[in-house]
Amino acid sequence: MERRRRIALYGGTFDPVHVGHTALARRLLEQFSLDEVLFIPAHVAPHKRDREVSPALHRYAMLALATQGHERFRVSTVELDAPESPYTVGTLERFVATTGREARLFFVMGADSWQEITTWREWERVLTLTDIVVVTRPGYEVGTSHVTRAIGERVVDTRGRGSVEEALNEEGGTRIYLSDAVVMDVSATGVRRAARDGAELGEMVAPPVAEYIGKYSLYQRGA
């Protein structure tokens, strides 16, 4: 049987996209033998409505600049085009409906999101619509006591494995894979702070992104 395309769905605010995001995407390409990583900027992430987020146009443009040199990176406007439906469950349902038969989908989330997953809209459905990749930080303990037993039994710890292909070929429906894909010591908060303080962004973001931030005076006080 011909192997289906493997596509990772990597959502987030990306305010701004930084080298940690793209490094993680490259590692996932290798670890899960992905054909594509699809970055999905949120219109306004439901859990970040308590702070001001840069306009969608800027965040999309920076993602386009950061990913333009990699043929297996793409940027989707699916959430930007549907601000009335900001929840992950709706986004995943749309992808399953349009590409679910032709491709195997992996939704990427961080360890902090995994620990808070029960606060998400229709969280159990989120965890069953597609395969899930939970990216853990070094030394971060990932538990399953907060989810149901049925969901906990679908968790597969791939950390420390050179290859996860055997785990990916197991039958029995979607899985939740714990991954130790690289996590760089850089954050969007740190980039915004550096830009606000007039510091060099150095290697925190791709050069075209740094130029874009400077050109449009993003993250400046009063900008």
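Couple of notes before you dig in:
- Taking the criterion of being assigned to a helix (DSSP H, G or I) and of a type in the set (Phe, Trp, Tyr), the only residue of segment 193-223 that qualifies is TYR212.
- Residue match in segment 84-106 (condition: more than 14 Å from the chain's Cα centre (by Cα), under 25 Å from ILE151 (Cα atoms), modelled with pLDDT of 95 or more and aromatic (Phe, Trp, Tyr)): yes
- The residues on offer are GLY162, GLY172, GLY190, and the sole one that is closer than 30 Å to THR98 by Cβ and small (Gly, Ala, Ser) is GLY172.
- Pairing residues of segment 153-177 that are open to solvent by 70 Å² or more (accessible area, probe 1.4 Å) with residues that are of a type outside the set (A, V, I, L, M, F, W, C) and not in a strand (DSSP E or B), at Cβ distances under 6 Å and at least 6 apart in sequence or on separate chains, gives ARG159/ASP180.
- Test for GLY190: is it surrounded by fewer than 17 Cβ atoms within 10 Å (Cβ to Cβ), out of contact with any strand residue (DSSP E or B) (no Cβ under 8 Å at 6 or more places or on another chain) and part of a loop (DSSP other than H, G, I, E, B): no
- When the strands (runs of 3 or more DSSP E) confined to segment 1-101 are screened for residues that are buried (at least 16 other Cβ atoms within 10 Å of the Cβ), those reaching at least 3 such residues are found at 5-12, 36-41.
- Meets criteria (open to solvent by less than 40 Å² (accessible area, probe 1.4 Å), modelled with pLDDT under 95 and farther than 19 Å from ARG27 by Cα) for VAL147: no
- Only a single criterion out of (1) at pLDDT below 95; (2) over 18 Å from SER179 (Cα atoms) is not satisfied by GLU30, namely (2).
- Candidate set from segment 112-123 (those that are out of contact with any strand residue (DSSP E or B) (no Cβ under 6 Å at 6 or more places or on another chain) and assigned to a helix (DSSP H, G or I)); member that is most open to solvent (accessible area, probe 1.4 Å): THR119
- The listed residues are VAL134, VAL147, and the only one of them that is within 18 Å of the chain's Cα centre (by Cα) and of a type in the set (A, V, I, L, M, F, W, C) turns out to be VAL134.
- Where a residue in segment 178-204 is under 13 Å from PRO16 (Cα atoms) and touching a residue at least 60 places away in the same chain (Cβ under 8 Å) and its partner, wherever it lies, is of a type in the set (Phe, Trp, Tyr) and open to solvent by 70 Å² or more (accessible area, probe 1.4 Å), with Cβ under 9 Å and at least six apart: none
- Residue-level check: of (1) without any contact (Cβ under 8 Å) to a residue 12 or more places away in the chain; (2) within 28 Å of THR158 (Cα to Cα), GLY69 misses just (2).
- The set of residues in segment 127-144 that are open to solvent by less than 20 Å² (accessible area, probe 1.4 Å) and polar (S, T, N, Q) comprises THR130, THR136.
- Filtered by the rule that a residue be part of a loop (DSSP other than H, G, I, E, B), of a type in the set (D, E, K, R) and farther than 24 Å from GLU93 by Cβ, segment 124-170 gives ARG137, GLU141, ARG159, ARG161, GLU170.
The values are calculated or read from the model by the stated rules, or taken from the named source; none is laboratory data. Quick caveat: nothing in here was measured; it's all calculated off a predicted structure. Virtual Cβ from ideal backbone geometry, glycine too; neighbours counted across all protein chains shown. Quick note on the areas: whole protein, heavy atoms, side chains included, nothing else; ligands and nucleic acids left out. Shrake-Rupley method; radii C 1.70, N 1.55, O 1.52, S 1.80 Å.
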